[in-house]
Amino acid sequence: MTDVDSLLYVDTDILFMRPLEDIWHFFTLFNSSQISALAPEHEDAAAGWYNRFAQHPYYGKLGVNSGVMLMNLTRLRAFKWLDYILKFYKEYKLKITWGDQDLINIVFHYHPDKLYIYTCEWNYRPDHCMYMSVCQKAEKEGISIVHGNRGVYHNEKQPTFKAVYNAFKEYQFGDDLEQGLLHPMKDNLAKAKKSNCGMVKAAFTKQLEKQIQILNHK
């Protein structure tokens, strides 16, 4: 991909609640040294994985999650990203648990100036609400990107996430967003089994509602 300047990498369990252009806009906020953007792995140290269990260096106080990653490939190549990844893999391969995410954390532990951090609503996971709500930006502004890790789209552990996923699963692209996606999503959320994440269910539809309003006024 030597001819590609920048890209957005996402895991396969990602749902966008607003246009892709909105997260792409963060590239314009990079300073001259930043090569990538990620969201924190946790907001609450009491539930953090890296600060409690990691046997290798990691970014900041709580680490970062690699599920939604902006990458300026031109800068990554100049930085010799692959060389660092291979170097740290050889050094820490017996101590990493989460594969590429751990290696990314190690790189940015040693080069924190290379990373731009966006807030938790851009990579919203069950960890943000399964015990208590810890992503205040999501509650206030709505979830921008839903990340259904832990297999929550396909099990019964987090019914709020499954309700959102099922609405997307049934939606036919090109159909009316309000009738075909928003209303079924709200119905699914209302019927979902009570849970801690369900206590902030309004956050899951807030951004979608905003986008529909924008489209209706064009």
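Observations on the structure shown:
- Applying the condition of being of a type in the set (Gly, Ala, Ser) and buried (at least 20 other Cβ atoms within 10 Å of the Cβ) to the stretch 58-86 and asking which residue is farthest from the chain's Cα centre (by Cα) yields 63.
- Test: residue in the stretch 128-148 that is touching a Ser or Thr at 6+ places or on another chain (Cβ under 7 Å), in a helix (DSSP H, G or I) and under 21 Å from residue 29 (Cα atoms): yes
- Of the residues making up the stretch 117-127, just one is touching a Ser or Thr at 6+ places or on another chain (Cβ under 8 Å) and either over 23 Å from residue 13 (Cβ atoms) or not aromatic (Phe, Trp, Tyr) (or both), namely 121.
- Tally of residues being more than 12 Å from residue 14 (Cα to Cα) and within 17 Å of the chain's Cα centre (by Cα) across the stretch 152-161: 2
- Residue in the stretch 115-124 that is touching a Phe, Trp or Tyr at 6+ places or on another chain (Cβ under 8 Å), touching a residue at least 24 places away in the same chain (Cβ under 8 Å) and open to solvent by 20 Å² or more (accessible area, probe 1.4 Å) present: yes
- Residue, nearest to residue 135 (Cα to Cα), within the stretch 156-187, restricted to residues that are in a loop (DSSP other than H, G, I, E, B) and open to solvent by 40 Å² or more (accessible area, probe 1.4 Å): 157
- Residue within the stretch 176-188 that is within 17 Å of the chain's Cα centre (by Cα) and of a type in the set (A, V, I, L, M, F, W, C) present: no
- Here residue 190 meets each of (1) aliphatic (A, V, I, L, M); (2) touching a residue at least 12 places away in the same chain (Cβ under 8 Å); (3) open to solvent by 10 Å² or more (accessible area, probe 1.4 Å) with one exception, condition (2).
The values are calculated or read from the model by the stated rules, or taken from the named source; none is laboratory data. It should be emphasised that the depicted structure is a prediction, and the values quoted were computed from it without experimental measurement. Methodologically, a virtual Cβ is constructed for each residue, glycine included, from the backbone with ideal geometry; neighbour enumeration extends over all protein chains shown. Accessible surface areas use protein heavy atoms only, side chains included; no ligands, DNA or RNA. Shrake-Rupley method; radii C 1.70, N 1.55, O 1.52, S 1.80 Å.
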